[in-house]
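**Student:** Dumping the structure here so I can ask a few things about it.
The values are calculated or read from the model by the stated rules, or taken from the named source; none is laboratory data. Just so it is clear, the model here is predicted, and its values are computed rather than measured. Note: ideal-geometry Cβ built from the backbone for every residue, glycine included; neighbour counts use all protein chains shown.
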Amino acid sequence: MNEDQLAKSYVVTLSCPDRPGIVHAVAGALLVAGCNITDSQQYGSESTGTFFMRVEATTTAAQTEVVAALEPVAEAFGMQWNLNPVGRKVRTLLMASKSAHCLNDLLFLQRSGTLPTEVPAIVSNHRDLAGLAEFYGIPFHYIPVTPDTKDQAEDQLRKIIAEEGVELTVLARYMQIISDSLCTELTGKAINIHHSFLPSFKGAKPYHQAHARGVKLDRCYGALRHRRAGRGPDH
């Protein structure tokens, strides 16, 4: 058996307006391409009317054949979609402020091979984490942010994203509010790692606020970055 005949694994991710028949159509297209589905997850958002799907499948067909089978379905349903080999390393920009735990965890997972990413740069609005970046051998960009320099700072960030070919931006305890315009530009390409207290307790000391209100349990969340910041205490 030559290399072309070996089964390869691919991941399909897609979103489109929700309507009946999407799962059936995607599964049928993958079958046409000789794919065996090994994992499938889907979610329909009632509030936005959007359907999301992630499918992992194996096939001996070339990636171009799988793409050709999926293209008519994607056009018919108005999909935004991607097809990538399993384990493809995503070029990921990491952003943090002063707290190192999220950043260090991501860098450790990346170095150990657990997290399939390439990290071309780390951006921070403080110098505190420069040593950690140096330890992992990753370029560190210090971009201070003040109310007067916020626009220029975000322009610097845009330049780094473009020059480094960044596909995903991860805010790993980056304690700045991103502007509406930049959030729009990064739609679907940015993740914000934060505590589970939002929107109840926001700001620099959410744990202190929660403790004062008698909260006993906390978790960590990774959320797609949204232009609106968390609001209020609500309990």
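**Student:** Residue under question is ARG173, and the condition is that it be at pLDDT below 95, among the charged types (D, E, K, R) and surrounded by 13 or more Cβ atoms within 10 Å (Cβ to Cβ); does it hold?
**Tutor:** yes
**Student:** If you take the residues in the range 122-162 that are in contact with a strand residue (DSSP E or B) (Cβ under 7 Å, 6 or more places away or on another chain) and of a type in the set (Val, Ile, Thr), which one is farthest from THR184 (Cα to Cα)?
**Tutor:** Out of the qualifying residues, it is ILE138.
**Student:** Among the small types (Gly, Ala, Ser), within 17 Å of ARG91 (Cβ to Cβ) and touching a strand residue (DSSP E or B) at 6+ places or on another chain (Cβ under 7 Å), is that true of GLY165?
**Tutor:** Spelling it out, GLY165 is indeed among the small types (Gly, Ala, Ser), within 17 Å of ARG91 (Cβ to Cβ) and touching a strand residue (DSSP E or B) at 6+ places or on another chain (Cβ under 7 Å).
**Student:** Further question on the same structure: Looking for something without any contact (Cβ under 8 Å) to a residue 60 or more places away in the chain and at positive phi - is there at least one such residue anywhere in the range 88-111?
**Tutor:** Within the range 88-111, not a single residue is without any contact (Cβ under 8 Å) to a residue 60 or more places away in the chain and at positive phi.
**Student:** Just one of GLY188, GLY165 is surrounded by fewer than 18 Cβ atoms within 10 Å (Cβ to Cβ), modelled with pLDDT of 90 or more, on the phi > 0 side of the Ramachandran plot and under 22 Å from the mean Cα position of the chain (by Cα); which is it?
**Tutor:** GLY165
**Student:** Follow-up. Residues that are over 18 Å from ASN192 (Cβ atoms), free of Cβ contacts under 8 Å to residues at least 60 places away in the same chain and in contact with a Ser or Thr (Cβ under 8 Å, 6 or more places away or on another chain): does the range 160-172 have at least one?
**Tutor:** Among the residues of the range 160-172, not one is over 18 Å from ASN192 (Cβ atoms), free of Cβ contacts under 8 Å to residues at least 60 places away in the same chain and in contact with a Ser or Thr (Cβ under 8 Å, 6 or more places away or on another chain), which makes the answer no.
**Student:** Which of the residues belonging to the range 65-117 are assigned to a loop (DSSP other than H, G, I, E, B), surrounded by fewer than 19 Cβ atoms within 10 Å (Cβ to Cβ) and not hydrophobic (A, V, I, L, M, F, W, C)?
**Tutor:** GLY78, GLY87, ARG88, LYS89, LYS98, SER99, GLY113, THR114, PRO116
**Student:** Show the residue pairs that are 6+ apart or on different chains and have beta-carbon atoms under 8 Å apart, the first residue being within the range 139-154 and in a helix (DSSP H, G or I), the second being of a type in the set (A, V, I, L, M, F, W, C) and surrounded by 12 or more Cβ atoms within 10 Å (Cβ to Cβ).
**Tutor:** ALA153/ILE143; ALA153/VAL145; GLU154/ILE178; GLU154/LEU182
**Student:** Which numbered condition trips up SER47, out of (1) touching a helix residue (DSSP H, G or I) at 6+ places or on another chain (Cβ under 9 Å); (2) polar (S, T, N, Q); (3) farther than 30 Å from HIS126 by Cβ; (4) not in a strand (DSSP E or B)?
**Tutor:** (1)
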